[in-house]
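Here's the structure, in structure tokens; my notes come after.
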Amino acid sequence: MKKIITGFHAIDEILRAEKIKIEKEKNRKPSLEIFYSKEGPRVKKILEAARKLNLKVEKKDNQFLDSITKTLPEQLRDHRGIVLVTEAENQKKGMSIDEFFAKLAEKDSGFVVILDSVTDPHNTGSIIRSADQFGIDGIIVPENKSAGGFEIISKVSAGALAWVPFVEVTNLVRTVERLKKEGFWIYGADAGGKALSDLTFPKKTVLIMGSEGRGMSRLVEETCDEIVSIPTKGKLDSLNVSVAAGILLYEISRKKEV
């Protein structure tokens, strides 16, 4: 089974990530293919990068591109003349939880973000872009209550998913407990918590963002060591989850022990 990726930004970033992997793994065999129908300026730039990586590049008509993208969610079908195809086993669920913990074990500090039932792909994409900017070690989401598969999140995150480890798990509570055993302190974001300005953060920090409507689930909230909130002066109930996440990631990164 293949995975289909559309969107200039998403394809650009996946190619950049592939270049780094090839440089690290000299015997790595390319697993990506590019199909295109027309050579506009953005497409030419992508094709040049793909050819430098010795990827398969093949010109097709728009009818072919339409046919291979027709099963994608509606917001992903606008291929704009270029499509990247990758093997499902490499991209379906990102990194496994065991691989993720193995990477965390290589460091004596860490910053992990958990999205508890954030189902809007645009919010998830924005959070992943912020996570990339602030050097977050990874995003963890539940398999059954998240914003969708790799293709959707890759596109709406403008390719940032190529740089931020992304882990889907079957049980968030169990995952949080495992993070605690590895020395992480758990902070849940919610109104009415301790003011962000009053806190400092340990070397190993987890931030949990709840869903757009209901916030964190009860069981997940009960795992938190502290609830943190952003002091605000507005008349509305709360900030959008992706806006709140951006503020929290910046402030925690700034105040976290290193």
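The values are calculated or read from the model by the stated rules, or taken from the named source; none is laboratory data. From a predicted model like this one, the values you see are computed outputs, not experimental measurements. Glycine also receives a Cβ, built like all others from the backbone with ideal geometry; neighbour counts cover every protein chain displayed. Keep in mind that these areas ignore ligands, DNA and RNA; they rest on the heavy atoms of the full protein, side chains included. Shrake-Rupley method; radii C 1.70, N 1.55, O 1.52, S 1.80 Å.
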Using θ = phi - 60° and the Karplus curve 6.51 cos²θ - 1.76 cosθ + 1.60, what whole-Hz ³J(HN,Hα) does each residue of segment 214-224 get, with Gly and Pro shown as x?
-> 9, x, 6, 5, 4, 5, 5, 4, 5, 7, 6
What nm distance separates the two modelled labels at residue 67 and residue 133, each placed 7 Å from Cα along Cα→Cβ?
-> 4.2 nm
Can you tell which of 142, 217, 85 lies farthest toward the positive end of the dipole of the chain, using +1 and -1 charges on the Cβ of basic and acidic side chains (Lys, Arg; Asp, Glu)?
-> 85
Which residue, 67, 37, 130, has the most motion in a Gaussian network model of the chain that connects Cα atoms within less than 10 Å?
-> 67
The long-range amide H neighbours of residue 166, using H built 1.01 Å from N in the peptide plane and a cut-off of under 5 Å, are 95, 139
Between residue 193 and residues 5 or more places away or on another chain, which pairs have amide H atoms under 5 Å apart, with H built 1.01 Å from N, and which residues are they?
-> 229
Just in segment 187-238: which GluC sites (Glu not before Pro) are loop by DSSP and have at most 11 other Cβ atoms within 10 Å?
-> 222
List the GluC sites (Glu not before Pro) in segment 1-83 that DSSP assigns to loop (not H, G, I, E or B) and whose Cβ has at most 11 other Cβ atoms within 10 Å. Which are they?
-> 25
Long-range HN-HN contacts of residue 204 with modeled amide H, under 5 Å = 110, 185
Skip the ligands, DNA and RNA, and give the accessible area per residue of the chain with a 1.4 Å probe, whole Å².
-> 53 Å²
For segment 1-118, the dipole about the Cα centre with charges only on Cβ (Lys and Arg +1, Asp and Glu -1), to the nearest 20 debye, works out at 540 debye
Rounded to the nearest 500, the 222 nm mean residue ellipticity computed for the chain from DSSP H runs (n ≥ 4, each -39500 (n - 2.57)) alone is -11000 deg cm²/dmol
What is the chain's relative contact order, in percent, from Cα pairs under 8 angstrom and six or more apart in sequence?
-> 20 percent
Check: the chain dipole with +1 on Lys, Arg Cβ and -1 on Asp, Glu Cβ, in debye | 860 debye
